[in-house]
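Working notes for the structure below.
Laboratory data are not the source of any read-out in this text; all were calculated from the coordinates shown. For clarity, every value in this text was computed on a predicted model and none was experimentally measured. Cβ placement follows ideal geometry from the backbone for every residue including glycine, while neighbour counts extend to all protein chains displayed.
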Amino acid sequence: MKQDVTASIIQFNIALGDVQTNLATAIAGIKRAASQGAQLAVLPEMWSTGYDYRHLAQLAEETPRILLTLQTLALDLKLVIVGSLPEKNGDSLYNSLYVIDNGQQVGKYRKLHLFSTMGEDRFLSAGHQCCVVPTTIGRLGVAICYDLRFPELFRKMALEGAEIICLPAEWPKPRQEHWRTLLRARAIENQLFIAAANCCGIQGKLDFFGMSMLISARGDVLAESGEVNTELIATFEREEMIKYRSQIPCFHDRRPEVYGTLP
């Protein structure tokens, strides 16, 4: 980060399988955030469709068109847009996160950890690489929902220079405290900023609690939402991160020769 970053979250109730409605909601939210000075806008997980498994392969065919729309929007509004969408590649489907900067797709990440409890691994293929990408606002690391429970991924991104980690999610009740605790822990232990975008409202049998958060490198919650459609705005202060890292030099004091790559 060469400067402070005004970050935003676009939280909304995803209309299951309704690409046009979700796209309109996302665009409106991004425009409102941009009008408040946002330089980064993070959307929820699978925000264009939700987990409409029955029709996901067909719905994924809309993703290239959506990406073109986001590229135009990002260029016009001069911000970075991050969010996950269904991606069809041959016979495989992925939950893929895209980073759009300066009108271009500059990064793509396929969700590494599929939530087998909900059968996600029966419908989607897993990715095989983490992603840290340079952007006009700094180096972004990215993860999706269930990835939050795997701290190794976040440490790897931190060691690769991530300054902000963006995490779209569909994280349901009753696991609100896991969400809050793990997000703050990932920020504190890696001394970086977190922009976590959850969805809200009811989809089928699942009730999503929102609680999207923007978190400082010290683990302070700078902004947090309730359970309704909203935009969150907060500033990630570069000097605060630098000062915190100098006060508690975790990366310098690591002992990788002892724990190395864990099995």
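Counting other Cβ atoms within 10 Å, keep those with at most 16, restrict to DSSP loop, and tell me which GluC sites (Glu not before Pro) in region 131-199 are left. Walk me through the numbers before you get to the answer.
On the way: sites: E152, E160, E163, E170, E177, E189; in loops: E160, E163, E170.
Taking region 131-199 and a limit of 16 other Cβ atoms within 10 Å, the loop GluC sites (Glu not before Pro) found are E160.
Below 14 angstrom from the Cβ of N22, what's the summed charge of the other residues (Lys, Arg +1; Asp, Glu -1)? Intermediate values should be presented prior to the final figure.
On the way: positive: R65; negative: D18, E45, D52, E62, E170.
Result for the local shell: -4.
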By the Kirkwood definition, with r running over pairs of different Cα atoms, region 36-97 has a hydrodynamic radius in Å of 12.4
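Taking each pair of distinct Cα atoms in the chain once, what is the resulting Kirkwood hydrodynamic radius in Å?
Details: mean 1/r = 0.0548 Å⁻¹.
One decimal place: 18.2 Å for the Kirkwood radius.
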Most fluctuating of E227, E239, E62 in the GNM of the chain (C-alpha, under 10 Å) is E239
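Determine, for region 5-251, the count of lysine pairs separated by eight or more sequence positions (or lying on different chains) whose alpha-carbon distance falls under 14 Å. Could the numbers behind the result be given before it?
Values: K31/K78; K88/K108; K88/K111; K173/K205.
Within region 5-251, the lysine pair count is 4.
Cβ under 11 Å from F251's Cβ, F251 left aside: what net charge do those residues give with Lys, Arg +1 and Asp, Glu -1? Could you put the intermediate results ahead of the total?
Details: positive: R155, R245, R254; negative: E189, D253.
Every neighbour counted, the sum reads +1.
How large is the charge dipole for region 162-220, taken about the Cα centre, if only the Cβ atoms of Lys, Arg (+1) and Asp, Glu (-1) carry charge, to the nearest 20 debye? If you can, show how the numbers build up before the last one.
Working: 7 positive and 6 negative charges, 32 e Å.
Charge dipole, region 162-220, about its Cα centre: 160 debye, nearest 20.
Please compute one quarter of the surface area of the Cα convex hull for region 146-225 and express it in square nanometres. Before the final figure, lay out the partial values.
Details: hull surface 18.9 nm².
Approximately 4.7 nm², given one-decimal rounding.
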The simple spin-label model distance between I27 and R218, using points 7 Å out along Cα→Cβ, in nm, is 4.1
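Given Cα pairs under 8 Å that are at least 6 residues apart, what percent is the relative contact order of region 1-66?
RCO, region 1-66: 44 percent.
Which whole-number percent is the relative contact order of the chain (Cα, under 8 Å, 6+ apart)?
On the way: 600 pairs, mean separation 55.6, N = 263.
Reported relative contact order: 21 percent.
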Exposure proxy check on H113, H178: fewest-to-most Cβ neighbours within 10 Å is H178, H113
Dividing the mean separation of Cα pairs under 8 Å (6+ apart) by the residue count of region 20-129 yields a relative contact order in percent of 22
Longest principal axis of the chain (C-alpha) makes with the long axis of helix 19-35 (C-alpha) an angle, in degrees to the nearest 10, of 40
Quick calc, region 5-251, dipole around Cα centre from Cβ unit charges on Lys, Arg (+) and Asp, Glu (-), nearest 20 debye, gives 300
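Run the helix sum for the chain: -39,500 (n - 2.57) per DSSP H stretch of 4+ residues, divided by residue count, reported at 222 nm to the nearest 500 deg cm²/dmol.
On the way: 8 runs with 78 residues, N = 263.
That comes out to -8500 deg cm²/dmol.
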Looking only at aspartates and glutamates whose Cα falls under 14 Å of K2's and that sit 8 or more positions away or on another chain, we get E163, E237, E239, E240
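Among V42, V5, V228, which comes first, second and so on when ranked by fewest other beta-carbon atoms within 10 Å? Can you show the working numbers first?
Working: V42 31, V5 24, V228 11.
Ordered by Cβ neighbours within 10 Å, fewest first: V228, V5, V42.
Rounded, prolate or oblate, given the Cα gyration tensor of region 62-165, with a/c below 1.5 counting as rounded? Display every interim value, and only then the final one.
Working: a/c = 2.50, a/b = 1.19, b/c = 2.10.
Because a/c hits 1.5 or more and a/b fails to exceed b/c, region 62-165 counts as oblate.
Can you put D220, D91 in order, fewest other beta carbons within 10 Å first? The partial results should precede the final answer.
Numbers: D220 13, D91 7.
Least to most surrounded, the residues fall as D91, D220.
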From the Cα centre of region 213-263 to that of region 151-194, the distance in Å is 8
Listed by chain and number, the residues whose amide H is under 5 Å from that of Q203, excluding neighbours fewer than 5 places away on the same chain and using placed H, are F208
